[in-house]
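Undergrad: This is the structure I have questions about; it appears just below.
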Amino acid sequence: MSKKVQIRLARREGVAIAAILTLVHRSSVVYKYGCSEARYHNLGGMPFLFWKLIEESKAAGAQEIDFGRSDLDNQGLITFKDRFGTRKKLITYIRYPEAGTLGATSRWTVQAIRDLFSIMPDALLPTVGRVLYRHIG
């Protein structure tokens, strides 16, 4: 498995109808993101891409395919993954600080920083990120 990141794309008559992004970590292939064009759901682009993922991963020697996380309230996605025989496990997240524990000043600061970054030219973002990462990363 030489390619660590792959984007698989399904097309119909030159039109992209579905895509998935996968990562390779050791002997596992991890599904990270996927999208599809609702107008073409009847063509089965996502099932096709997952089937190709399984075939290619097996041929490349992968030991496991991780179908990724699903929100508990997204029953359609859970059912889709279940049909491939996936194994579920509950993931617990711990966040610090807990949501809602920021003071009014902290919330204002966070919003001001978000606003600043949203209007900053894209070309500056990598440089600013490298400088700030040392201090807040």
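Undergrad: If Arg39 passes every condition in (1) closer than 19 Å to Ser70 by Cβ; (2) part of a helix (DSSP H, G or I) but one, which one does it miss?
TA: (1)
Undergrad: To continue, here is another question. Which one of Glu64, Glu56, Glu37 is within 18 Å of Arg83 (Cα to Cα), of a type in the set (Asp, Glu) and surrounded by 11 or more Cβ atoms within 10 Å (Cβ to Cβ)?
TA: Answer to the check: Glu64.
Undergrad: Which condition number in (1) out of contact with any Lys or Arg (no Cβ under 8 Å at 6 or more places or on another chain); (2) at pLDDT 85 or above is the one that Ser70 fails?
TA: (1)
Undergrad: Any residue in region 81-92 that is farther than 19 Å from Met46 by Cβ sitting within a Cβ distance under 9 Å of a residue that is surrounded by fewer than 10 Cβ atoms within 10 Å (Cβ to Cβ)? List the pairs, counting only those 6 or more apart or interchain.
TA: From region 81-92, the pairs are Leu90/Leu72.
Undergrad: Restricting attention to region 2-27, report how many residues are among the hydroxyl-bearing types (Ser, Thr, Tyr) and touching a Ser or Thr at 6+ places or on another chain (Cβ under 9 Å). Talk me through it step by step, then tell me what you get.
TA: First pass over region 2-27, keeping only residues among the hydroxyl-bearing types (Ser, Thr, Tyr): 2, 22, 27.
If we keep only those that are touching a Ser or Thr at 6+ places or on another chain (Cβ under 9 Å) too, we end up with 22.
Counting residues in region 2-27 that are among the hydroxyl-bearing types (Ser, Thr, Tyr) and touching a Ser or Thr at 6+ places or on another chain (Cβ under 9 Å) gives 1.
The values are calculated or read from the model by the stated rules, or taken from the named source; none is laboratory data. It should be emphasised that the depicted structure is a prediction, and the values quoted were computed from it without experimental measurement. Cβ sites come from the backbone with ideal geometry, for glycine too, and all protein chains shown count toward neighbours.
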